[in-house]
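Visitor: Handing you this structure, nothing more for now.
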Amino acid sequence: MKVLAISGSPSRQSRTAKLIDKVSGLLQEQDIETRLVTIYDFPPDALIYADFAHPTVQDFQQKVKAADGIIIASPVYKAAYAGALKVMLDLIPEGGFAGKPVLPLASGGSPGHLLAVDYAIKPVLAALKASDIHQGVFAIDSQIGKGDGGEALLAEELDLRLTQAAQDFIEQLPLTPPRARRDADTRHVISRISL
Ligand SMILES: Cc1cc2nc3c(=O)[nH]c(=O)nc-3n(C[C@H](O)[C@H](O)[C@H](O)COP(=O)(O)O)c2cc1C
């Protein structure tokens, strides 16, 4: 089972990344493989000019295709999600999230933008035909701290919400990997044709 996390933060010291780390750790404890893609994985030209033929972009599309579930994470920028996330999502072919549950994660400076996940991120996920969109987790900056050793210190309440969201997300993941599902679908079609 594979989950791909797409982080839309352009920050090297990203708070949103701490949310991904927490959820990824919980998934890994359940033997779910997690991969992370950030804008730093792309040459800027490939992103800005939406160069679909670029090998990095094709590799990204492959990772999306191979994933059983997707985590989308972004800081709130100007009352919406970060532009860095949009340029990556624009590289995904139409219907690219079909059959994949998606867990949205977001962080913002103010609780006033709590609904950014609902009004900004979710319509894009629906356009990509995500199968199940989790209600998501929104964190405010004051809930994401740093320990003396630089490690993330999440507020207890946030930690609990992330743990619950990870658990819900695991339950939304398909029980069989995409190839097995495709083969099963094909067998189903063949048996209907032969009737
Ligand atoms: C350019 C910019 C715009 C921002 N706009 C908002 C905003 O509209 N609403 C909000 O709640 N926080 C806003 N913030 C705060 C970030 O969302 C917040 O600090 C977030 O946790 C940063 O996540 P990151 O470290 O992963 O980039 C903004 C920050 C920046 C740098």
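Visitor: Taking the range 84-105, which residues are closer than 27 Å to Tyr49 by Cβ and in contact (Cβ under 8 Å) with a residue 40 or more places away in the chain?
Guide: Ala84, Leu85, Lys86, Val87, Met88, Leu89, Asp90, Leu91, listed by residue number.
Visitor: Let me ask something else. Please work out which residue is surrounded by the fewest Cβ atoms within 10 Å (Cβ to Cβ), limiting yourself to the range 40-80 and to residues that are under 23 Å from Ser24 (Cα atoms) and of a type in the set (Asp, Glu).
Guide: Taking the candidates together, the pick is Asp59.
Visitor: Still on this structure, I have one more. Kindly provide the set of residues from the range 43-102 that are touching a strand residue (DSSP E or B) at 6+ places or on another chain (Cβ under 7 Å) and of a type in the set (Lys, Arg), ordered by number.
Guide: Listed by number, the residues that qualify are Lys63, Lys100.
Visitor: Can you confirm whether Gly109 is open to solvent by 30 Å² or more (accessible area, probe 1.4 Å), more than 11 Å from the chain's Cα centre (by Cα) and touching a residue at least 24 places away in the same chain (Cβ under 8 Å)?
Guide: Here the answer is yes, as Gly109 does meet what is asked.
The values are calculated or read from the model by the stated rules, or taken from the named source; none is laboratory data. Remember, it's a predicted structure, so these values are computed and weren't measured experimentally. Neighbour counts run over all protein chains shown; Cβ positions are idealised from the backbone, glycine included. These area figures cover heavy atoms from the full protein model, side chains too; ligands, DNA and RNA do not enter into them. Shrake-Rupley method; radii C 1.70, N 1.55, O 1.52, S 1.80 Å.
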